[in-house]
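The values are calculated or read from the model by the stated rules, or taken from the named source; none is laboratory data. Note that the structure is predicted; figures quoted are calculated from it, not measured. Here the Cβ is made from the backbone with ideal geometry for all residues, glycine too, and neighbour counts use every protein chain on show. In case anyone asks, the SASA skips ligands and DNA or RNA and just uses the protein heavy atoms, side chains included. Shrake-Rupley method; radii C 1.70, N 1.55, O 1.52, S 1.80 Å.
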Amino acid sequence: MKTCASEFVDYMHEYLDGDISREHEQLLKQHLQTCPDCQQHMHELSDTVAFIKSAAHITAPPRFEDQVISRLPKRKSSAGIKRWFRQHPVLVAAAVFFLCMSATLLGSFPNDDQFSVTKQPNLVVEGQTVTVPDGQVVKGDIVVKNGDIIVEGEVDGNITVINGNYMASTAVVTGQVEEIDEMFEWLWYKIKDGFNKAITVFDE
């Protein structure tokens, strides 16, 4: 198609859309009578519009929408979790209490290098080493932090070593011996200690 005034092409679209004015329609008709290229272009546009209008509308198969929705990922409902919380308030409260207590106890984990030992008679302390001498009896629990303990005599109680070592050969220890090197072992020790104290108070 040769180049004609763009206004005539616009008039063609206005005519096919049904929005053309009487004046523009008259000008378009007069031009088409004298311009074969525009006549051909007008026929092509008319054929295209007629084809589109005559084409059958595409319809989706039956239940197509339901099938698409059923294949979409399901959103996890929080109603079941909320219902479980409402049905088990004691467990939820215990879990919250345990988390809060764990955070508090972990904050008190002995992460410094300061040496300390429970004051008990008959103990010999040299540097960071605690010794229960041969022939001596210590009655009560011994807790050593950031140090070692050597038991050559007798301990009538428990021995707990935090960030250190327990050494004994023919020693006699009536209670339990625990070596705590990790944070969660410390947490478990504190929980057990608190539980034992609570039982003692309850028994009294």
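Observations on the structure shown:
- Each residue in the range 153-167 was checked for being outside any loop (DSSP other than H, G, I, E, B) and either out of contact with any strand residue (DSSP E or B) (no Cβ under 7 Å at 6 or more places or on another chain) or open to solvent by less than 50 Å² (accessible area, probe 1.4 Å) (or both), and 5 of them qualify.
- Total residues in the range 131-152 satisfying the condition of being in contact with a Ser or Thr (Cβ under 9 Å, 6 or more places away or on another chain) and either surrounded by 18 or more Cβ atoms within 10 Å (Cβ to Cβ) or part of a strand (DSSP E or B) (or both): the figure is 9.
- Listed by first and then second residue, the pairs with beta-carbon distance under 8 Å, at least 6 apart or on different chains, first residue in the range 37-49 and under 19 Å from SER6 (Cβ atoms), second of a type in the set (D, E, K, R), are ASP37/LYS2.
- Qualifying residue in the range 108-116 (condition: within 20 Å of GLY164 (Cα to Cα), modelled with pLDDT of 70 or more and open to solvent by less than 80 Å² (accessible area, probe 1.4 Å)): yes
- Within the range 16-33, the residues that satisfy the criterion of being within 23 Å of ALA50 (Cα to Cα) and either in contact with a strand residue (DSSP E or B) (Cβ under 8 Å, 6 or more places away or on another chain) or hydrophobic (A, V, I, L, M, F, W, C) (or both) are LEU16, ILE20, LEU28, LEU32.
- Out of THR3, THR59, THR34, sole residue that is open to solvent by 100 Å² or more (accessible area, probe 1.4 Å), among the β-branched types (Val, Ile, Thr) and modelled with pLDDT of 80 or more: THR34
- Verdict on ILE20 being at pLDDT 85 or above and assigned to a loop (DSSP other than H, G, I, E, B): yes
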